[in-house]
Ligand code: HEM
């Protein structure tokens, strides 16, 4: 568990910064996904995927919040994120 705690501690300062601007950074992450993997746009046909759109900001913010939630439950993802399948941090 000590290694997991150390990893969590290493990520925390980064996530404090990211969370302070969740929608902007999440939007940029989605723009990057669409730029580098254009086929992924097909999952989001009902959204305005124009760079900087309110849809991308809203959805991007949700993704950042989800990652933060995962960090807060690091080492216990299966119980707190049952939908995350077989992923289990090993070290
Ligand atoms: C780090 C990676 C990812 C995280 C943390 C993440 C997180 C999430 C979360 C939390 C939601 C629920 C949003 C809500 O409640 O409205 C969601 C929905 C969704 N995600 Fe992801 N996601 C990731 C990657 C992806 C990728 C790579 C794709 C497809 C290329 C994708 C496609 C979708 C779609 C289509 C939805 C449904 C959106 C909606 O109906 O509003 N996600 N994701």
If packing is taken as the mean number of other Cβ atoms within 10 Å per residue, what is the order of 12-20, 53-61, 36-44, highest first? 53-61, 12-20, 36-44
Which residues in the range 44-80 place their backbone N less than 14 Å from a point set 7 Å from the Cα of residue 12 along the Cα-to-Cβ direction? 71-74
Could you work out how much longer the chain between residue 69 and residue 55 gets when fully extended? Use 0.36 nm per residue separation minus the Cα distance between them, nm to one decimal. 2.9 nm
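Since every read-out is calculated from the coordinates, none of them should be taken as a lab result. As the structure is a prediction and not an experimental result, all values here were calculated from the model. No Cβ is skipped: glycine too gets one built from the backbone with ideal geometry, and neighbour counts run over all protein chains shown.
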